[in-house]
Amino acid sequence: MTELMTEVIFLGAFLFLIGIFGIIINNKSLIHMLMSIELMLLATNLLLVTFSVSLDDIMGEVLALLVLGVAGAESAIGLAILVAFYRKKGTLTLSRPNNTNINVAKRS
C-alpha cells in the first residue's frame, strides 16, 4: 500500500467515526442524525473505492454506486418523514417519553 492509500483509509475511518459520534451526541435532532448517517455512507464509499483501486477490482466501485443509490433513497424518504413529522409536531427535536408516572406493583 502506498502512503496516499494509507492516508485515504485513515480519512475514511475518521469520517466514519465522526458519523458515529454525531449519532451518539445528537440523538435528539433528526436532521443531525440523517446528516451523520449520510457521512457514514460516504466514508464507506470512499473506503470501497480505495480498496477497489488497490486490489484492481471493479466490484468495489460497483458496490459504491449501489450504496450511493441507497443513500439517495434514504435521503428522499428521510426528508419526507421529516416534513411529515414537522407538520404533526411543529418541531424536529425528539423527546423521550416520560415514564415516571407508571405504577409498578411492589412485591412483598
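The values are calculated or read from the model by the stated rules, or taken from the named source; none is laboratory data. These figures come from a predicted structure and were not determined experimentally. As a convention, Cβ positions derive from the backbone with ideal geometry for all residues, glycine included, and neighbour counts pool all protein chains shown.
Scanning the range 57-98 for residues that are outside any helix (DSSP H, G or I) and exposed (fewer than 14 other Cβ atoms within 10 Å of the Cβ) turns up Asp57, Ile58, Gly90, Thr91, Thr93, Leu94, Ser95, Arg96, Pro97, Asn98. When Asn27 is tested against (1) modelled with pLDDT under 85; (2) over 13 Å from the mean Cα position of the chain (by Cα), only condition (2) is not met. Taking residues in the range 45-69 that are touching a residue at least 12 places away in the same chain (Cβ under 8 Å), and partners anywhere that are of a type in the set (Phe, Trp, Tyr), the pairs with Cβ atoms closer than 6 Å and at least 6 places apart or on different chains are Gly60/Phe51.
Among the listed residues Ile37, Ile31, Ile9, which satisfies the condition of being farther than 25 Å from Leu92 by Cα and in a helix (DSSP H, G or I)? Before you say what the answer is, go through the steps one by one.
Details: Ile37 fails: farther than 25 Å from Leu92 by Cα; Ile31 fails: farther than 25 Å from Leu92 by Cα.
Within the list Ile37, Ile31, Ile9, the selection yields Ile9.
Residue count for the range 1-56 under the criterion of being farther than 23 Å from Phe85 by Cβ, surrounded by fewer than 18 Cβ atoms within 10 Å (Cβ to Cβ) and β-branched (Val, Ile, Thr): the result is 7.
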